[in-house]
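The values are calculated or read from the model by the stated rules, or taken from the named source; none is laboratory data. This structure is a prediction, so every number in the text was calculated from the model and none was measured. Heads up, the Cβs are rebuilt from the backbone with ideal geometry, glycines too, and the neighbour counts pull from every protein chain shown. For the accessible areas, the whole protein counts, side chains as well, though only heavy atoms, and no ligand, DNA or RNA atoms are used. Shrake-Rupley method; radii C 1.70, N 1.55, O 1.52, S 1.80 Å.
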Amino acid sequence: MPKLYIETVGCQMNMLDSELVVASLRKEGYELTASAADADTILFNTCSVRQHAEDKIYSALGRLKNAKRENPNKVIGVLGCMAQKDQGLIFKRAPYVDLVVGPGQLHQVPALVREARAERKPRMEVSLGRTDGSRDAIERSHESFDPLRDPAMRPTPYQAFVRIMIGCDKFCTYCIVPSVRGPEQSRPPAAILAEAQQLAGEGCLEITLLGQTVNSYRYRAGERTWRLSDLIEALHEIDGIARIKFVTNYPKDMTDDLLAAVRDLPKCSKYLHVPVQSGSNTVLKRMKRGYTVEDYREMLARTYESIPGVAVTSDFIVGFCGETDEDFQQTVDLTRESRFKNSFIFKYSERPGTKGAELYADDVPEEVKRRRNNSLLALQNQICEQDNEAFLGREVTVLAEGPSKAAEKRDELGDRLQLTGRTNCDRIVVFEGNRRQIGQFLPIVVYDANAHTLFGEMVTQHVGPEVFGLALPLATPDC
Ligand code: SAM
Ligand code: SF4
């Protein structure tokens with residue numbers, strides 16, 4: 001059997017793309033290997049959102065130079081966003097690469113691997129750029145690639161990503177995604193529902209709907225226009241699917257019908273990722289995010305009011321072009337008042353080809369970016385810890401995902417082991433359990449907490465909240 005090694009960097013979209021590529025190559029007889037040295041085919045599914053992600057891939061390619069010289073039969077492929085962005089540059093920097101395949105062309109990977117091995121000629125398959133043709137032609141060149149699934153490549157067999165949109169039309173000035181992932185296109189509800197039905201049949205309990213601005217989902221089918229709330233309502237009817245999440249939300253499209261769906265549909269996770277990026281109107285305008293801090297505050301207040309116990313998370317970019325100490329202080333103030341469950345904080349990384357790179361100087365020194373990153377992270381951690389402490393003594397429902405990181409490190413082999421899972425509002429919980437409980441929803445009482453993890457004990461007839469002397473009113477028992 002030919003062996004495939006695949007390395008994935010970047011977001012959930014990339015994880016899903018890798019799952020689909022692996023499924024298509026398994027159909028050709030490939031088996032996965034964890035070692036690049038053993039592999040006949042080595043694929044990198046890449047990200048180009050920040051420079052650092054690209055540097056990692058170019059270093060990994062550099063390390064393969066000798067392996068390819070020793071075994072010219074090995075096929076080396078660069079897939080995904082960096083392939084679409086850098087195209088021929090990849091062959092220049094690493095001439096021994098065989099394949100460069102953009103995210104819109106992944107359906108071609110099995111044929112391209114076959115041809116590369118037979119013909120020993122480099123091949124590049126990428127989609128049209130955003131100004132290379134009519135909207136229609138560009139859309140068609142970014143093929144969605146979703147029918148094949150491979151349970152072995154999922155985060156766990158009980159959880160799966162389902163793409164509901166591809167591309168993005170927002171063109172935030174710092175972001176490369178609209179160029180490399182193409183125009184925003186919503187998938188037909190019938191295809192999404194069929195995929196979710198198939199996943200449920202395979203034992204999948206939790207689906208996470210993916211889109212760059214997932215709540216901008218719109219699909220016109222005959223007389224009816226489907227919104228995300230309509231789609232979730234339909235998915236909610238599927239037997240076997242027990243939890244529905246969706247990422248990433250665009251603040252301006254957080255409509256009342258969607259908030260009502262999250263509140264009223266019990267399978268819907270009470271967790272919303274709604275990145276704000278900055279707390280300064282000047283910076284938001286320069287980023288072309290399309291909303292003000294006041295708009296974001298209004299959206300957040302509406303969300304907290306509509307959905308009791310909801311957890312909201314955010315992304316921030318610090319050190320964007322022209323960001324002053326005062327702008328950054330406004331980001332700190334917004335973070336302090338917003339009580340995000342968590343925030344992903346990034347230092348601005350200039351991306352050639354974006355409006356930001358064209359219009360503004362990347363003028364915040366690296367040291368200042370680093371300082372702002374650390375100080376915002378410290379504040380967010382403080383908030384995480386305080387909010388997690390509010391869970392002490394509460395009972396939460398956790399989908400047990402598998403062994404905890406510590407159990408994996410200790411390589412625990414027995415039936416009893418430390419497990420990890422997530423609550424309905426996406427909080428990570430670690431607890432002692434039994435291997436056969438993986439993939440079950442379990443009642444857990446929380447007895448300890450730090451910034452990122454709740455520690456709990458499974459509720460049995462004998463172990464309830466009262467045992468810890470911490471019992472609090474279970475205002476939101478399901479979070
Ligand atoms: N579509 C999502 C949204 O609008 O929130 C985010 C997609 S992007 C892949 C994930 C995050 O990366 C963004 O929310 C932003 O914080 C960060 N990001 C994007 N471009 C960046 C850049 N040039 N430098 C640093 N961070 C960046
Ligand atoms: Fe990038 Fe903005 Fe689109 Fe998100 S909404 S993918 S940040 S352009």
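Overview of results
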| item | result |
| --- | --- |
| Neighbour net charge for Asp150 - beta-carbon separation under 14 angstrom, K R +1, D E -1 | -3 |
| Theoretical FRET efficiency, 1/(1+(r/R0)^6), r = Cβ-Cβ of Ser134 and Ala357, R0 25 Å, to 0.05 | 0.45 |
| Segment 334-425: Cα Rg divided by the 2.2 N^0.38 Å rule of thumb | 1.61 |
| With all protein chains modelled, accessible area of Ile244 [1.4 Å, Å²] | 0 |
| Computed log₁₀ I(q)/I(0) - Debye formula, equal Cα scatterers, no solvent, the chain, q 0.11, 0.13 Å⁻¹ | -1.02, -1.40 |
| Debye log10 I(q)/I(0) at q = 0.09, 0.11, 0.19 Å⁻¹ for segment 292-448, Cα point scatterers | -0.44, -0.62, -1.13 |
| Translational diffusion of segment 200-267, µm² s⁻¹ [Kirkwood Rh, Cα pairs; Stokes-Einstein; 25 °C; 0.890 mPa s] | 195 |
| Of Lys56/Lys369; Lys3/Lys121; Lys252/Lys341; Lys56/Lys355; Lys27/Lys121; Lys288/Lys405, those spanning more than 29 Å from alpha-carbon to alpha-carbon | Lys288/Lys405 |
| Segment 259-318: C-alpha pair distances exceeding 16 Å, % | 47 |
| Debye log10 I(q)/I(0) for segment 277-351, one point scatterer per Cα, at q = 0.24 Å⁻¹ | -1.18 |
| Within straight-line cross-link reach of Lys68, aspartates and glutamates at Cα separation under 16 Å, skipping those fewer than 8 residues along the same chain | Asp38, Asp40, Asp98, Glu119 |
| Total charge dipole magnitude, segment 77-183, about the Cα centre, Cβ charges on Lys, Arg, Asp, Glu only, Debye to nearest 20 | 260 |
| Accessible surface, per residue, of segment 233-392 when the full set of protein chains is kept, probe 1.4 Å, Å² | 42 |
| Which of Ala194, Thr173, Leu209, positive extreme of dipole for the chain (C-beta unit charges) | Thr173 |
| Charge dipole of the chain about the Cα centre (unit charges at C-beta), most positive-ward option of Ala53, Gln108, Pro157 | Gln108 |
| Range of Cα positions in segment 138-245 per principal axis (Å), largest first | 40, 36, 23 |
| Ranking by accessible area, most exposed first, for Tyr217, Tyr447, Tyr360, Tyr174 with a 1.4 Å probe | Tyr447, Tyr360, Tyr174, Tyr217 |
| Calculated on alpha-carbon atoms, Rg and Dmax of segment 56-183 in Å | 16.1, 46 |
| Sites Ser59 and Ala390, calculated FRET efficiency, Cβ-Cβ separation with R0 45 Å, nearest 0.05 | 0.60 |
| Residue-level accessible surface for Leu99, protein heavy atoms, 1.4 Å, Å² | 0 |
| Taking N as its residue count, the alpha carbon Rg of segment 194-350 over 2.2 N^0.38 Å | 1.14 |
| Hz values of 3J(HN,Hα) by residue in segment 47-60 - Karplus curve (6.51, -1.76, 1.60), Gly and Pro given as x | 10, 10, 5, 10, 4, 4, 5, 6, 4, 4, 5, 4, 5, 4 |
| Heavy-atom accessible surface of the chain: percent carbon and sulfur, 1.4 Å | 51 |
